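I have placed the structure first, in the form of structure tokens, so that the comments after it can refer back to it.
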Amino acid sequence: MNQKPRIITPDQFSRRSFLKRGSAALGGAALASTLAPSRFALGASGGDEIKLAIIGCGGRGSGACAQALNTTNLGPIKLVAAADVHEDRMNSALKNFESKFDERGRVSKENRFLGFDAYKKAIAQADVVILSTPPGFRPMMFEEAIKQGKHVFMEKPVATDPAGVRKVLAAAKVAKEKGLKVGVGLQRHHQKGYIETVQRLHDGAIGDITSMRAYWNGNTPWLKKRADLEKTYGRKLTEMEYQMRNWYYFTWICGDHIVEQHIHNLDVINWVKKGYPVKAQGMGGCEVRKGEDYGEIYDHHAVEFEYEDGSRLTSFCRHIVGCWNSVSEHVQGTKGRCDVSRNTISPTTGDAWRHKEQGDKDPYQQEHDDLFAAIRNNTPYNEAENGAMSTMTAILGRLATYGGKEIEMEKALKSEVTIFPKNLAWDAEMAVKPGPDGMYPRAIPGKTVVI
Ligand SMILES: NC(=O)c1ccc[n+]([C@@H]2O[C@H](COP(=O)([O-])OP(=O)(O)OC[C@H]3O[C@@H](n4cnc5c(N)ncnc54)[C@H](O)[C@@H]3O)[C@@H](O)[C@H]2O)c1
């Protein structure tokens, strides 16, 4: 590449792609009509106790809640409400909070909400909400939290399809207008080694970034088999309950592992490039991880993303045991190369540089420290737009591997193909269901219509 790369920022991309179409089309008008001032955002005393609610009391939600409750050096904070769809998951998380944080982690019986609408009630009790359900539910929950005027920490990914991404982008805009603070669980942005490395790259340490690589090659995170679940609960599970309990393997709720995990690596490359890919093509499938309980997702994806300046990102993610594993990001520049994940820069001339860890804070804690400092000091803080666009980057990759075609970001973002169920109920008729052999159909590249 001879010409200076043109850089496209998150703001520019979203303005060009959707905001010019008007916020009403994105649902923003409905949200904006309920603008209500937020207590902390509008400068109430930083000494006030923050009321916290958790929606989705699982593994990461428990971690995020503890990290939020650990921000007492910034001011008092108490968990006041919880919501989940599964009573067993909520009870075990609440028991832990209570034993770890005593009164500050105790949620009264009246403020424990169960069911598909429980999130609305929990949000109503709080100043700040943690959204940590599986990602398919994030857009509707984020929209509701912003509508109710609450600050948010939400886990990545923030959606599983383009319609969900649009909803998050619209709500992110309203959050900014209302002065609400939003953190997204892409914690590498709060990790000292990454921050310093990316800053150096932005300062030109290796010139223009001309090619990139990102990997999440590892093993299957977990599996909940239908037979085991039915044995545990002593009853037959409806299809909805089975898919919710074994959520990793269903695209409408998880996004596939390219979205659920690999988003972290794709997001780092977007950060380095200060923008988002304009198109992608790729291939993938399910080669090894087969069986009735492995749902509809693939076990590998290989995608080539192209950025506005013509530079390309090669991305691999794989869940197959016994293969080469790596969770990392690397970039090549006109004047050197960088292993971003190892915080190491090797210029073509001069000495290599490596970030030295000296008491670096756990990024999961740091992201909460940063969010709560912004809430208490009423300083601008909105990670939702980048969270939505990095989620969309990963979704674009999945659309490319499922469909087998080259797909443009702008077209994908406008797609009306939605995979989220129309009816959320335990006995709902599911669009995704097993065939007569018990196996779930998977996308067939070249045949499946994805946008
Ligand atoms: N940032 C990170 O490094 C990181 C690490 C792990 C997980 N995560 C993300 O955190 C999210 C949760 O993952 P997890 O591992 O904690 O999953 P999990 O299954 O342990 O927890 C999910 C919880 O949400 C509940 N839930 C499901 N649907 C719900 C609904 N509609 N309303 C209310 N509650 C609902 C479940 O019952 C469960 O308690 C995912 O988006 C995941 O990608 C992020």
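Any residue in the stretch 388-417 that's under 11 Å from Val450 (Cα atoms): show its pairings with residues that are charged (D, E, K, R) at Cβ separation under 6 Å, as long as the two are six or more apart or on different chains.
Partner pairs satisfying both residue conditions: Arg398/Asp256.
Of all residues in the stretch 314-362, count the ones that are of a type in the set (Ser, Thr, Tyr) and closer than 30 Å to His300 by Cα.
So the answer is 6.
Mind checking whether some residue in the stretch 328-347 is outside any loop (DSSP other than H, G, I, E, B), more than 24 Å from Ala66 (Cα to Cα) and either aromatic (Phe, Trp, Tyr) or not assigned by TED's automatic domain parsing to the domain that holds Asp309 (or both)?
no
Within the stretch 323-335, track down each residue that is surrounded by fewer than 19 Cβ atoms within 10 Å (Cβ to Cβ) and more than 24 Å from Tyr402 (Cα to Cα).
Within the stretch 323-335, Gln332, Thr334, Lys335 meet the criteria.
Has the stretch 220-234 got any residue that is in a loop (DSSP other than H, G, I, E, B), out of contact with any Leu (no Cβ under 9 Å at 6 or more places or on another chain) and within 22 Å of Arg312 (Cα to Cα)?
no
Is it the case that the stretch 92-108 has a residue that's in contact (Cβ under 8 Å) with a residue 12 or more places away in the chain, of a type in the set (Lys, Arg) and assigned to a loop (DSSP other than H, G, I, E, B)?
yes
Please work out if Ile146 is away from the ligand (no atom under 11 Å from the Cβ), crowded, with 24+ Cβ neighbours inside 10 Å, of a type outside the set (Gly, Ala, Ser) and farther than 30 Å from Val449 by Cβ.
Considered against the rule, which asks whether it is away from the ligand (no atom under 11 Å from the Cβ), crowded, with 24+ Cβ neighbours inside 10 Å, of a type outside the set (Gly, Ala, Ser) and farther than 30 Å from Val449 by Cβ, Ile146 comes out as yes.
Given the conditions (1) more than 30 Å from Lys433 (Cα to Cα); (2) touching a Gly at 6+ places or on another chain (Cβ under 9 Å), which single one is not true for Lys274?
Answer for Lys274: the failing condition is (2).
Out of (1) outside the structural domain of Asp293 (by TED's automatic domain parsing); (2) within 13 Å of the ligand (Cβ to nearest atom), the odd one out for Trp252 is which?
Failed condition: (1).
Go through the stretch 255-269 and report how many residues are surrounded by fewer than 24 Cβ atoms within 10 Å (Cβ to Cβ) and either of a type in the set (S, T, N, Q) or in a loop (DSSP other than H, G, I, E, B) (or both).
Adding up the residues that qualify gives 1.
Taking the residues in the stretch 276-295 that are in a loop (DSSP other than H, G, I, E, B) and surrounded by 22 or more Cβ atoms within 10 Å (Cβ to Cβ) as candidates, determine which candidate is farthest from the chain's Cα centre (by Cα).
Ranking the qualifying residues of the stretch 276-295, first place goes to Gly295.
The values are calculated or read from the model by the stated rules, or taken from the named source; none is laboratory data. This structure is a prediction, so every number in the text was calculated from the model and none was measured. Using ideal geometry, Cβ is built from the backbone for each residue, glycine included, and neighbour counts are taken over all protein chains shown.
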